[in-house]
């Protein structure tokens, strides 16, 4: 089983997945994203509309101001005009100026609405995806969860979904407006002057190429940097994770010198990566400056030409105001280009991230649940001719048969890997049998709902999982309505009370994820308490006391015995002393039950069990 | 916070040069509107109609030249900024790592491993990015804004006043948005952390959740947390989404006003058309820089938050006084000595025989509010004795032995080694004298020999093999192919029992005068455990040995057995004595071997 031991989740790793994500896969993902977005059709329409309004208005502002400047030129620059002409020009000027102000406000309003709408669409989409993903986890076969890295699944649901949201948001806000801006600018520029437009159109894409060039060159440097960073993180993980041992052996200096060696290399590679990649901005700015200068050059030339009346018929003239519009556009025009190149890689990343999330959503769920339920379970358990294996061609359990009457205590013993825990997995229907059937009270367990089957069992596992929250929350895990008194009584019965009362906030003490601040034994006691609060008709104790000392175990044995009273119980244990009193002992080896009987009989028969039993002394 | 600025000390030159060159670039950028202004005045003057294009070309050349100079100074600045930022983070990481290694055990417990690791990695990276962006932009943006205002003053005082007002309004608007938004973003982050934890829990606890059939409850809790996250995001978006539109509107309205007043000035002959265009351009420049500045503030804020978290670690490591903290190259030894857990006295290094260990009325509390984990422990272990410590889960066994090498400080009472208080002993010499085998058997990436030399860096192969033999680990070394076999991090390529025996060997390599085995034979079978204990008895020297165990068999032959129950001594004596005098001990024994009558021992 893959376990997540790292304390943090790395950002979704794009580099490895992008290549794995085929063309068809990408198309399927885009389709799935679009399907989800279709719920927001109205919102998207509003967003697009606002984008159009905002772009058109943005482009109109410099044009209007250009007109005003032309007006100023006309009144004060050229030949003297008579009063009425001046009055006429100024009225038009003020109208244009007011229009500029109105357009500016419209830009502000439409952009803001667009921002809000886009936020709404992306955040809600991601929320739904996350909810679905978590819901799906609940119905995924345990096989899936056991065989996939948990860190990876978490990173898909959290980091990848986040990156997908970022990418989508950027795509929304920038891709569409970017393209619109480019087209709109082109349209307005062409209307003003073809030659100057050509200058802008030819020079601007240069910045794109330069940006591409730099990023392809720096890719390797970033790779080196992240490899060295990974190496350093591994060392940090190892040494800080075991800082107590490092200190106990006075190894601080040796460890530090190893750290420094990697640290030095990391500094060099980071410097290279950061420096070379940071050249992008100055370079594109320079291209921009060149474009600006060229517009100034050609534009001025045309202004002079049109002023002197020596324009050819092919090229329209240029006024000073129009030149200022061109200069303003030249400044703006590179922006959407740079943004779109960013958006494309961002969108690619977003699709890759979405694909990783959808992989979870598309994973085959458990077989559909039966609608029947087990009610008032008595505790007959029959296992008939069951075959099972985790990996298809490595059979584990073959032809297992078992017939248990209500109230019987069944102990399962055997060496590691003989299939003890697997039986538990099958009884609880965490896994389905490959062949044969398991019945409870005579009803095959795949004909009743998993919920009703599982709530018939109380379970304590060797792996001590606790939820984040307080001690009391955890004891109440299966019975949220239990009173404080009941919680404390259960803790006293399990023997957990004595350590709980020593905790800083007693029953209200928060325990970290996985109960990090408690010892294994204490966590196990809590897991036992959790079951004691609300005991179902059947019990499964899988190495339930492996981390508890024998004396405490002996004390809670009494509680266990009263728990098991009248309940069908399955007990898996290493320590044979704890299972001596079982009604039936199943001795397992390599997936088979090789001996069956009670303690005395098995011991007398001198088989594998007696060998196991005697080896502990 | 101030503490982190020290790491820029060695990069003073870069820290001055980077913004300086950025300023240079900005200065050249500020000249552009002036060039354009004169160009426009030239071409709009009727006198220049039809004249040669010499002036235009000169202006063009000037613009290109400004661009080239700007490019060069900007690239130079980027280099210095990157240099300072990476150097800063290297030194910071070095010191932080050192500080983390100098924390004592209770500080490590408080901080938690995963926190320490994120501080070292993610937070340092964020801080590095902050330094980089700060050096690149923090002077550039304000300089352009200020420069644009100053340039406006050179053109026209009246319009320039309008500039001042607009800049003030803009800063107020941006500042307000940031101020409102940053705590919101922080909240969003904490919501995100919460659903992350929850998701991870749901995976690791899949079996338990299904067994208790609480899937739906959990889903409900998740969906609530998720909705809270989204409403937080949307709320934050409402504020942050305001930034761009609002600044745009303010600037453009200002431009409208500017042109209106500009017209009047032109009519009075106080301004030329070109100058009006120049003012217009300066206003637009301010807008662009302001947006960059706002983004920078976010980056810097994030970096400052990381810096705070890093500083907190330093503060913890520094203890009360700040001066003690090492910044430069002072050795770790000094730092260890300075942490206050160890004094200056050393143990006699020539002596290889065991030390006596005495506890005088020792109490230990991990948290101020918690009950005592050890209360009023008193005993004396004579040099060379073997002491067994037995007791139930959480009875204080590990706490007791952790006090011997000074991993924790006793809350009350004193621990004496060879008659010297542990607090008065030099930490290094104390730890060198004590060989510890921790409960969790961890080995490190590297060869077996590397791992075993942890106890004594210059140990010969023969010394190592001696220790391996005592630890009954010869077969482990053989199975892996000799002392130079590589182990994976954590010793993952070994079984639990193999790992445990190698950790015992590691503790033995330095021939420690005190040997502590903290439940370190739990993964060993009874035969191996017995052999190990026999070997320890027949060492060439006589260390004082502490054996912590839950198994009666492991401590039965000890010279003295200390029985702990709920942090208190329930009995001290030999096995035979305790069987008659100590109920707790007898219970433990019987829980493992059954009653004497049944099995007849």
What about residue A:270, is it touching a residue at least 24 places away in the same chain (Cβ under 8 Å), facing chain B (nearest Cβ under 7 Å) and either buried (at least 21 other Cβ atoms within 10 Å of the Cβ) or not in a helix (DSSP H, G or I) (or both)?
-> yes
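Conditions (1) in a helix (DSSP H, G or I); (2) out of contact with any helix residue (DSSP H, G or I) (no Cβ under 8 Å at 6 or more places or on another chain); (3) loosely packed, with under 15 Cβ neighbours inside 10 Å, marked per residue:
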site	(1), (2), (3)
B:128	yes, no, no
B:132	yes, no, no
B:135	yes, no, no
B:147	yes, no, no
B:152	yes, no, no
B:159	yes, no, no
B:164	yes, no, yes
B:172	yes, yes, yes
B:175	yes, yes, yes
Sort out which residues of the range A:345-397 are in a helix (DSSP H, G or I) and in contact with a strand residue (DSSP E or B) (Cβ under 9 Å, 6 or more places away or on another chain), and write them in order of number.
-> none
Considering only residues of the range A:452-468 that are within 25 Å of the chain's Cα centre (by Cα) and within 7 Å of another protein chain (Cβ to nearest Cβ), which is farthest from residue A:412 (Cα to Cα)?
-> A:468
Residue in the range B:385-403 that is farthest from the chain's Cα centre (by Cα), counting only those that are assigned to a loop (DSSP other than H, G, I, E, B) and closer than 17 Å to residue B:555 by Cβ | B:385
Among A:339, A:364, which is the only one that is within 30 Å of residue A:157 (Cα to Cα) and modelled with pLDDT under 75?
-> A:339
Those residues that are out of contact with any strand residue (DSSP E or B) (no Cβ under 9 Å at 6 or more places or on another chain) and assigned to a loop (DSSP other than H, G, I, E, B), I need them from the range B:441-452; list them, please.
-> B:441, B:442
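Could you tell me whether residue B:109 is surrounded by fewer than 22 Cβ atoms within 10 Å (Cβ to Cβ) and on the phi < 0 side of the Ramachandran plot?
yes
Yes/no per residue for (1) touching a residue at least 24 places away in the same chain (Cβ under 8 Å); (2) out of contact with any strand residue (DSSP E or B) (no Cβ under 8 Å at 6 or more places or on another chain); (3) under 30 Å from residue B:590 (Cα atoms); (4) buried (at least 18 other Cβ atoms within 10 Å of the Cβ):
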site: A:458; (1), (2), (3), (4): yes, no, yes, yes
site: A:466; (1), (2), (3), (4): yes, no, no, yes
site: A:476; (1), (2), (3), (4): yes, yes, no, yes
site: A:483; (1), (2), (3), (4): no, yes, no, no
site: A:486; (1), (2), (3), (4): yes, yes, no, no
site: A:541; (1), (2), (3), (4): yes, no, yes, yes
site: A:549; (1), (2), (3), (4): yes, no, yes, yes
site: A:559; (1), (2), (3), (4): yes, yes, yes, no
Kindly check whether there is at least one residue in the range B:503-517 that is within 12 Å of another protein chain (Cβ to nearest Cβ), assigned to a loop (DSSP other than H, G, I, E, B) and surrounded by 21 or more Cβ atoms within 10 Å (Cβ to Cβ).
-> yes
Within the range A:371-380, which residues are surrounded by 14 or more Cβ atoms within 10 Å (Cβ to Cβ) and either out of contact with any helix residue (DSSP H, G or I) (no Cβ under 7 Å at 6 or more places or on another chain) or assigned by TED's automatic domain parsing to the domain that holds residue A:589 (or both)?
-> A:377, A:378, A:379, A:380
Find the helices (runs of 4 or more DSSP H) located wholly in the range A:48-166 whose residues include 2 or more that are at the interface with chain B (Cβ under 9 Å from one of its Cβ atoms) and buried (at least 19 other Cβ atoms within 10 Å of the Cβ), and list them.
-> A:83-139, A:150-155
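Please work out if residue B:119 is surrounded by 19 or more Cβ atoms within 10 Å (Cβ to Cβ), out of contact with any strand residue (DSSP E or B) (no Cβ under 7 Å at 6 or more places or on another chain), part of a helix (DSSP H, G or I) and more than 7 Å from chain A (Cβ to nearest Cβ). Let's see the steps before the verdict.
On the way: surrounded by 19 or more Cβ atoms within 10 Å (Cβ to Cβ): yes; out of contact with any strand residue (DSSP E or B) (no Cβ under 7 Å at 6 or more places or on another chain): yes; part of a helix (DSSP H, G or I): yes; more than 7 Å from chain A (Cβ to nearest Cβ): yes.
Yes, satisfied.
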Within the bounds of the range B:33-45, is there any residue that is within 10 Å of chain A (Cβ to nearest Cβ), in a loop (DSSP other than H, G, I, E, B) and either surrounded by fewer than 21 Cβ atoms within 10 Å (Cβ to Cβ) or out of contact with any strand residue (DSSP E or B) (no Cβ under 8 Å at 6 or more places or on another chain) (or both)?
-> yes
Could you list, in sequence order, all residues of the range B:197-222 that are surrounded by fewer than 20 Cβ atoms within 10 Å (Cβ to Cβ), at the interface with chain A (Cβ under 7 Å from one of its Cβ atoms) and closer than 18 Å to residue A:127 by Cβ?
-> B:197, B:219
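If you go through the range B:469-492 one residue at a time, how many are in contact (Cβ under 8 Å) with a residue 12 or more places away in the chain and farther than 15 Å from residue B:524 by Cβ?
Residues flagged as in contact (Cβ under 8 Å) with a residue 12 or more places away in the chain and farther than 15 Å from residue B:524 by Cβ within the range B:469-492 amount to 14.
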Please tell me if residue B:75 is under 21 Å from residue A:274 (Cβ atoms) and within 32 Å of the chain's Cα centre (by Cα).
-> no
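The values are calculated or read from the model by the stated rules, or taken from the named source; none is laboratory data. Here the structure is a predicted model, which is why all the values come from computation and not from measurement. All Cβ positions, glycine included, derive from the backbone under ideal geometry; neighbour counts span all protein chains shown.
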